[in-house]
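Computed from the coordinates by the stated procedures, all read-outs in this text should not be read as laboratory data. Note that the structure is predicted; figures quoted are calculated from it, not measured. Cβ placement follows ideal geometry from the backbone for every residue including glycine, while neighbour counts extend to all protein chains displayed.
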Amino acid sequence: MSRPKVVILGAGFGGLTAARALDGIAEVTLVDRHNFQTFLPLLYQVSTAGLAADHVAYPIRGALRKTKVKFRMGSPISVDHKNKSVKLDSSEVLGFDYLIVALGSATNDFGIRGVAENALGMKTVNEALNIRSEIMRRFEDLCRFEDDTKFSIAVVGGGPTGVEMAGAIAELKRGPLTSDNADAAKNIDVYLVEAGQRLLPALSPKLSERTKKDLEKLGVKVLTNAAVKEVKPRQIFFADGQKIPAEITVWAAGVKGEPTMKKLSIPEESGRIAVDSTLQVTNYPYIFAIGDIAGAKGADGRFLPMVAPVAMQQARFVAKQIQRLQDSAPLTAFKYVDKGSMATIGRHKAVVEVKGVRIGGVVAWYMWLWLHLFYLLGGRNKIGTMADWTWNYLTFDRGNRHIMDIS
C-alpha cells in the first residue's frame, strides 16, 4: 500500500509532534510561516530580560533532521477541497490525502475597545522583544526625570501566562532595575488584572490564594473581579467605572484560533475549527485539526484548554487515526489525559497541581524549571537557558536588558 500524503499547517507543539509521529507511515510536508518553532511557555522570560530570544526559538529543519519530513516556509491562502490541495503564499500548491491544521492561536481581545491599538500581545518573539524594549525605555525615562514620576505596568489576565509575566516583571524591578537605579525602580508599579474571582482558576482555590499572596509579597497589585471595559494609551477602564494607570498594558487575557483558518473554507465554532470527537473537521473527514485552533471538547462539553499537552496528545492521536484509516479500521474518540497544571511566580515560588496533589514553594519551583527545560528543543537552547537561569539566580541580575525594537 502506498504511503498517504499528509500536509500539516503549523509547526508548533502539535504540528511538529504530528510530523514526527507520521514520518514512518506517510509522506509528510510541514508548513509554517517561520523557519523556527517558538517555545511559547518561556516567551515571558524574553519579555522580562530573563532569557535571550534565541534560547526559545529552534530551527524547524533542525528538529526534522533525522526524519524524511519535508518543510516549506509559507502560509496557506486557500484550500481546493475538490482536488485536495492547499495553496501557499509562495504560490506553491501542495496536494494531500490528509490535511492537519495546527495553526495555533492568536491574541483574543474579546472585542474590548482599545486592546488592539494600546495593548501588547505576547504570542511571538517579536512581541516579547517589543515588551522588553518598552519596559526598559520607560525605565530609562524614569532615570532621566529624577523625581517621583510614576510608571505603571498592567498585565491583564490571571491565568498562568499573566501570573508568570507579572511575577517576572516584579522580580526585574526588585533585582536588576533596583541595582541599576533604585530611585527610578521604586516608582514602577506592577498590576495584575483578572476579570474572574481568583487567579489560576484551573487550580484549586487554595493554590490560587497562595499565588495571590506570593505576588503581593513581590509588590504586585492584584485586582480580581476587574473586568476591563477599555484600554487607553495610559489607562485601563473597568466595567464598574474604576480605572488604573497603565503606561504599558500586556494582554494575557486569552487567545483564539489563528485567523488564517478563515482562508481554509472549513466550519468554525466560537473562534476555533469545528471538529468531531475523532478530531476530524466537521463534514470534512480528510481534514484534522489539533491544538489551540481545534474546537475539541472534554467530557464536560467545554473546549479543551489551549495548552501544549493538549496539542501534543492530539498530534499523536491523529497519527494513529490516519494509520487506522489506512488499515480500514474504525476511528476512535479523542480523550485528553490531564497531567496537571503549574505556574511559576518567582524565585522559589511556584504552584503545581497533579491529580489532586497540590505542591507549592521551592519543590514546585524546581519541578517547573526541569519540566520546561525537558521540553525545550535543542541542546544549545537547553544549555543557554540553563546558563541564563544560573546567572540570574546567583547574581540577581538579568543580562538581557537590551532595547531592541522590532518593527
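A few remarks follow.
- For the stretch 371-381, the candidate set comprises residues that are more than 16 Å from Ile60 (Cα to Cα) and not aliphatic (A, V, I, L, M); within that set, the residue that is surrounded by the fewest Cβ atoms within 10 Å (Cβ to Cβ) is Phe374.
- Pick from the stretch 228-271, criterion over 30 Å from Val31 (Cα atoms) and aliphatic (A, V, I, L, M), ranking: surrounded by the most Cβ atoms within 10 Å (Cβ to Cβ): Ile236
- Flag if Ala387 is outside any helix (DSSP H, G or I) and either under 18 Å from Ala170 (Cβ atoms) or more than 21 Å from the chain's Cα centre (by Cα) (or both): no
- Conditions (1) touching a residue at least 60 places away in the same chain (Cβ under 8 Å); (2) crowded, with 17+ Cβ neighbours inside 10 Å; (3) in contact with a helix residue (DSSP H, G or I) (Cβ under 7 Å, 6 or more places away or on another chain): number failed by Leu40: (3)
- Looking across Gln313, Gln326, one residue alone is surrounded by fewer than 19 Cβ atoms within 10 Å (Cβ to Cβ) and either polar (S, T, N, Q) or farther than 30 Å from Phe110 by Cα (or both). It is Gln326.
- Pairs, first on the phi > 0 side of the Ramachandran plot in the stretch 243-259, second in a loop (DSSP other than H, G, I, E, B), C-beta under 6 Å, six or more apart: Gly254/Asn108
- Picking from residues in the stretch 21-35 that are touching a residue at least 24 places away in the same chain (Cβ under 8 Å) and surrounded by fewer than 19 Cβ atoms within 10 Å (Cβ to Cβ), the one that is farthest from Lys87 (Cα to Cα) is Ile25.
- Looking at Ile131, Ile100, just one residue is of a type in the set (Val, Ile, Thr), surrounded by 18 or more Cβ atoms within 10 Å (Cβ to Cβ) and under 25 Å from Val7 (Cα atoms), and that residue is Ile100.
- A single entry from Gly384, Gly340 fulfils the requirement of being in contact (Cβ under 8 Å) with a residue 60 or more places away in the chain, buried (at least 16 other Cβ atoms within 10 Å of the Cβ) and of a type outside the set (Asp, Glu): Gly384.
- 1 or more residues among the hydrophobic types (A, V, I, L, M, F, W, C) and free of Cβ contacts under 8 Å to residues at least 24 places away in the same chain: qualifying strands (runs of 3 or more DSSP E) within the stretch 52-164: 93-95
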